[in-house]
Protein chains: 2
Amino acid sequence: MLDIKRLHIDTTTTLIAMEDEVDRLVAAWRRERPDLDVEPLEVLSRVSRLARHLDRARRLAFSEHQLEPWEFDVLTALRRAGTPYQLSPGQLLTQTLVTSGTMTNRIDRLAKKGLVERLPDPSDRRGVLVRLTDEGRDRADQALAGLLDQERAILAELSRAQRGELAGLLRQLTAPFDNIPG
Amino acid sequence: MLDIKRLHIDTTTTLIAMEDEVDRLVAAWRRERPDLDVEPLEVLSRVSRLARHLDRARRLAFSEHQLEPWEFDVLTALRRAGTPYQLSPGQLLTQTLVTSGTMTNRIDRLAKKGLVERLPDPSDRRGVLVRLTDEGRDRADQALAGLLDQERAILAELSRAQRGELAGLLRQLTAPFDNIPG
DNA sequence: GGCACATATCTCGAAGTCAAGAGACTTAAT
DNA sequence: ATTAAGTCTCTTGACTTCGAGATATGTGCC
């Protein structure tokens, strides 16, 4: 059985690894189900749990700018599109991985707050274009800066080289999902 | 600026790294906001996106056992506790990272399906103990085996050593959240 | 042109989550 | 004993999401 904590110590050479919830979870499964190989949990349970912690941290970071995470997701998708900061609702939903009903609702609420506006698509009368207002762009830019500051603090646990390595390993796992449409 | 794809190639030595959505997202930010250092996104956006993909995959794996992901989370927390498979609602919420209102609702629904039962705590009359029924235990065991099979398939992208390294790096990020109560 | 099918967006109702607070009980200090 | 503060669980109401279907427009074939 692979001893992951030991490997970790080998790579850092300075500190004893701190235990986390997943170490306790895996130990519990090995006690209760010694017949099963639970090694996959060492990676994927950490991914899921870390994502939950990140959601909470993001919510906190955005609250300083009076933005909800879902608002940030939509505004930054438009911001990344570049000037004139316009996308169709359909393009927005493929980027944010939500359903069309949800996106309609989100656009309604963002428009009511004056952060986006709906325009008729000149080339397709079924369609609509969603455009970022100036205030929407500024709010997105400010929130992004705040988010990056907070993420840097979380990642300070790792050296630059370790962050690069981690990003590369994660890419190997995400690439199949992102490239084989699933 | 750190070139993460290059680092990745160095560590694998066999394959060209495939691009993923985060590479495209980061490239868009570097075009639109060249003044910002968006390196943190290389790690943490991948964590969030991978977690979303995992949620979908888990939902699919569990549907073969007529279980929702939230049901699995609660049942397995009890299963891991070991015989007699009892925990308080409070212990369950620290393990599943949901709020107390949500947990009350979940216990209600699981009890209605006959997978858990509520018992008065003999040592604290404010308290309740939630106990797994025999059927609940069997369903949890079956779903866990299915989940592990699926996770092994996702992780087949990585060598055993890479999985160990990834687990160790992730632990360094999760440990502060898990140990400093946040 | 007219018909069938595809596409884009919106509407609506059901379901789950959260946050805040209420109610019941425990603990510790006086 | 009594009081105050703390703990544990449940209740409530607002909010967001999803999924299915409705409406309007576009596209291609005959």
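The values are calculated or read from the model by the stated rules, or taken from the named source; none is laboratory data. Please read all numbers here as calculations on a predicted model, not as lab measurements. Positions of Cβ are generated from backbone atoms using ideal geometry, with glycine treated the same way; all protein chains shown enter the neighbour counts. Accessible surface is based on the protein model in full, side chains and every heavy atom, while ligands, DNA and RNA are left aside. Shrake-Rupley method; radii C 1.70, N 1.55, O 1.52, S 1.80 Å.
Got the relative contact order for chain B handy, in percent, Cα pairs under 8 Å and 6 or more residues apart? Answer for chain B is 16 percent. Take A:Arg131, move 7 Å from Cα toward the beta carbon, and the resulting point lies 6.6 nm from the same point in each other copy, nearest first. For the residues of A:142-153, the average number of beta carbons from a partner chain within 10 Å of their own beta carbon is 3.
Across the range B:97-152, counting alpha-carbon atoms alone, Rg and Dmax equal 13.9, 44 Å. Under a GNM of chain B (C-alpha, springs under 10 Å), which listed residue has the highest mean-square fluctuation: B:Gly114, B:Gly101, B:Gly146? The residue that fluctuates most here is B:Gly101.
Counting only alpha carbon atoms, the long axis of helix B:39-63 and the longest principal axis of chain B meet at about 40°. For the range B:62-108, the square roots a ≥ b ≥ c of the C-alpha gyration tensor eigenvalues yield an a/c of 1.5 or more together with a/b not exceeding b/c, which makes the shape oblate. Expressed as a fraction of 2.2 N^0.38 Å, the C-alpha radius of gyration for the range A:18-63 is 1.46. Once you reduce the range B:110-124 and the range B:39-72 to the center of their Cα atoms, the two points are 28 Å from each other.
How large a share of the accessible area of the protein assembly as shown, in percent, is made up of carbon and sulfur atoms when the probe is 1.4 Å and the other protein chains stay in place?
With neighbouring chains kept in place, the figure for the protein assembly as shown is 52 percent.
Solvent-accessible surface of the range B:68-182, taken per residue with a 1.4 Å probe and all protein chains present: 47 Å².
What is the helix-to-structure angle for B:69-80, meaning the angle in degrees between its Cα long axis and the longest Cα principal axis of chain B, kept from 0 to 90 and rounded to the nearest 10? Around 70 degrees separate the two axes. Sorted from nearest, the other copies put their B:Arg59 label points 1.9 nm away, the label point being 7 Å from Cα in the direction of Cβ. Take A:Arg24, push a point 7 Å out from Cα through the beta-carbon direction, and compare it with the same point in every other copy: 4.0 nm, smallest first.
Just so you know, the Cα atoms of the protein assembly as shown work out to an Rg and Dmax of 22.1, 71 Å.
Expressed as a whole percent, the proportion of Cα-Cα pairs in the range B:68-182 lying more than 26 Å apart is 33%.
Shape call for the range A:15-93 from the C-alpha gyration tensor, a ≥ b ≥ c root eigenvalues: rounded (a/c under 1.5), prolate (a/b greater than b/c) or oblate? It comes out prolate by the Cα gyration axes. Within straight-line reach of B:Lys112, meaning a Cα separation under 19 Å, sit the following aspartates and glutamates at least 8 residues removed in sequence or on another chain: B:Glu68, B:Glu71, B:Asp73, B:Asp134, B:Glu135, B:Asp138.
Taking the C-alpha atoms only, the angle from helix B:21-32 to the longest principal axis of chain B is near 50 degrees.
With both labels modelled 7 Å from their Cα along Cα-to-Cβ, the B:Gln142 to A:Arg30 distance reads 2.9 nm. Dividing the helix sum by the residues of chain B, where each DSSP H run of 4 or more adds -39500 (n - 2.57), gives a mean residue ellipticity at 222 nm of -22000 deg cm²/dmol. In chain B, the beta carbon lying closest to the axis that superposes B onto A belongs to the residue given here with its whole-angstrom distance, B:Ala51, 2.
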